[in-house]
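*Asks:* Sending over a structure as structure tokens; questions will come in a sec.
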Amino acid sequence: MKVNFTTIENYPAPLKLGIFIFCLLLLWLPLAIPLYLLLKNDPNLTTIVTMGVLYLEFVGLLFIWNKNVYNISHWWRVYGLVFTRKNGIELINGLSIGLLFTLSLFIVESMFGWVKFSQPSNSLILVIFQGLLSALGIGLAEELFFRGWLLTELKRDYSPKIALFANAITFATLHFLKPIEEVIRTFPQFPALVLLGLTLIWSKWGHGNRLGICIGLHGGLVWGYYILNVGKLINYTEIVPSWITGIDNNPIAGVMGLLFLVILGLLMKRKSSSIYYKTDPSDF
């Protein structure tokens, strides 16, 4: 049976999103299940391989989806993934801002005596490099999905304000899938994730709808925490409750992390003076 892709463009956004995710799972599961059975003795490798396959199929499906549904060949330009000097500079700027905010959070907490910095080990340079690669990979993957594909699909059917909050809440929800007991125990993390989602959209809208700033900002936040956590550079003194510094030592699951995200969000929102930008960011 021949599928008429052109009719999908006229479907409501929830149905279009559902069709896309269904197609993605249809492509992924036949490969993911055998890989899981083959590599189940190494959970870390299993996750890396299966998620890698999922992401490659996601990118491949974007070519098919945009070409057949919207008759768009250069979909990455529409999403803001343009390979220009300006976008590259914004990526580096975002990386620097994210790293600076993360380090500043822990410096402030150390000034209050809530955390103590440890002597760096000889492997710190390796940790910094590994963290950078991981952070850029996570930043690219998540920003292309949430602030690229998903945000673009939502904006086709809804006002910018609705698309803004729908995207941020979806981002937070998908990062908060856990047993109900854990949802309740770690709930302060949820509003922080919503705020982070809003901040990343504001950063995109404030930079000509380009995705570089989002990838950099997201990556910088991850990179900073990776360096401090994996590098074992901080120790919590536990003289204040964990809801202040972060439940389970997760900085965005605490009041201080939320406060810093508010500051970052306000800075990004200020740059986003208008949310009506050209569709094609390569025009900038």
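*Asks:* Going by average Cβ density within 10 Å per residue, which order do the peptides 130-143, 201-214 take, highest to lowest?
*Replies:* 201-214, 130-143
*Asks:* Rounded to a whole number, what is D in µm²/s for the chain from Stokes-Einstein with the Kirkwood radius over alpha-carbon pairs (4 °C, 1.567 mPa s)?
*Replies:* 64 µm²/s
*Asks:* For a Förster distance of 25 Å, can you work out the FRET efficiency between the beta-carbons of residue 40 and residue 243, rounded to the nearest 0.05?
*Replies:* So, using R0 = 25 Å, E works out to roughly 0.10.
*Asks:* Starting from 0.36 nm per residue, how many nanometres of slack lie between residue 108 and residue 133 once their C-alpha separation is accounted for?
*Replies:* Extending this stretch completely gives an extra 6.3 nm.
*Asks:* With label points built 7 Å along Cα→Cβ from the Cα atoms of residue 68 and residue 86, find their separation and express it in nm.
*Replies:* In this crude label model, residue 68 to residue 86 measures out at 3.5 nm.
*Asks:* Hey, what's the stretch 47-179 come to in accessible area per residue, 1.4 Å probe, Å²?
*Replies:* For the stretch 47-179, the per-residue accessible area is 51 Å².
*Asks:* Would you please give the FRET efficiency between residue 255 and residue 96, computed as 1/(1 + (r/R0)^6) with r the Cβ-Cβ distance and R0 = 35 Å, to the nearest 0.05?
*Replies:* Taking R0 as 35 Å, the efficiency between residue 255 and residue 96 is 0.90.
*Asks:* Given a 1.4 angstrom probe, I'd like the percentage of the accessible area of the chain that is carbon and sulfur, rounded to a whole number.
*Replies:* 69 percent
*Asks:* Of 178/269; 67/155; 155/204; 116/232, which sit over 21 Å apart, Cα to Cα?
*Replies:* Long pairs (Cα-Cα over 21 Å): 178/269.
*Asks:* Please give me the summed charge of the neighbours of residue 135: other residues whose Cβ is under 12 Å from its Cβ, Lys and Arg +1, Asp and Glu -1.
*Replies:* Cβ neighbours under 12 Å give a net charge of -2.
*Asks:* How big is D for the stretch 1-105, in µm² s⁻¹ as a whole number, if Stokes-Einstein is applied with the Kirkwood radius of its Cα pairs at 37 °C and 0.692 mPa s?
*Replies:* The Stokes-Einstein estimate is 194 µm²/s.
The values are calculated or read from the model by the stated rules, or taken from the named source; none is laboratory data. Only a predicted model underlies this, so the values are computations on that prediction, with no experimental measurement involved. With ideal geometry, Cβ positions are generated from the backbone for all residues, glycine too; neighbour counts draw on all protein chains shown. Ligands, DNA and RNA are excluded from the accessible area calculation, which covers all protein heavy atoms including side chains. Shrake-Rupley method; radii C 1.70, N 1.55, O 1.52, S 1.80 Å.
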